[in-house]
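Here's the structure we're looking at; comments come further down.
None of the figures in this text is laboratory data; all of them are computed from the coordinates on show. Note that the structure is predicted; figures quoted are calculated from it, not measured. In this analysis, Cβ positions are derived from the backbone assuming ideal geometry, glycine residues included, and neighbour counts consider all displayed protein chains.
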Amino acid sequence: MLKKLSEGTLDAGILAVPLEMRGLEEIILYTEPFYVAANNQHPFAAKLSIKIEDLQDETLLLLEEGHCLRGQVMDVCSQTMTKERKNFQGTSLETIRHMVSTGIGITLIPQTAIDYNNLIQNSSIKYIPFKNPAPARRVGLLFRKTSNRKVCFKKLAASIQSIIQKEFLLEETVEVLPVKLNR
């Protein structure tokens, strides 16, 4: 996607930021925390919140190589002894979610990926927030600095912010543990 943005074959994109790529402008849309997704039979399901240290020695389900979310989750877990379940890598978040629901392991999911509509229907998965500092990522709108649609993109960003920022804005008391992005 970044290559297409830089080449001009894609006008704009919504991605985790900061990327600080030359020639691209970034507008932060919102900050979203990560949640632990665990089967409702997992010991985490009884907790109201989780510390990053609680992930130590857990088996983590990840997306396959090449997904930026995989790198972000690995970065969050790099400070613990969390093990990746290497023979179980998902091609999509839905695959990972299904593996969690069957009790194969746990995963970290960004808040916007939580399916609130199915939360009540699919009670086999519990999403547990982190205690402070909460790992989170920033999501932004990217476009070429030389784009003749720059004004349009800024208005689009403002519209997106006004619609979803309240939904995903962290409380002021929450300290965000930044997630490094692999480039």
Computed ³J(HN,Hα) along the stretch 38-48: with the Karplus parameters 6.51/-1.76/1.60, θ = phi - 60°, integer Hz and x for glycine or proline, the list is 9, 4, 5, 8, 6, x, 5, 4, 8, 8, 7
With label points built 7 Å along Cα→Cβ from the Cα atoms of Gln41 and Ile164, find their separation and express it in nm.
-> 3.4 nm
Pseudo-spin-label distance Ser124 to Leu10, built 7 Å along Cα→Cβ, given in nm, is 3.3 nm
Here, trypsin sites (Lys or Arg not before Pro) of the stretch 1-55 satisfying both criteria (DSSP loop; at most 16 other Cβ within 10 Å) are Arg22, Lys47, Lys51
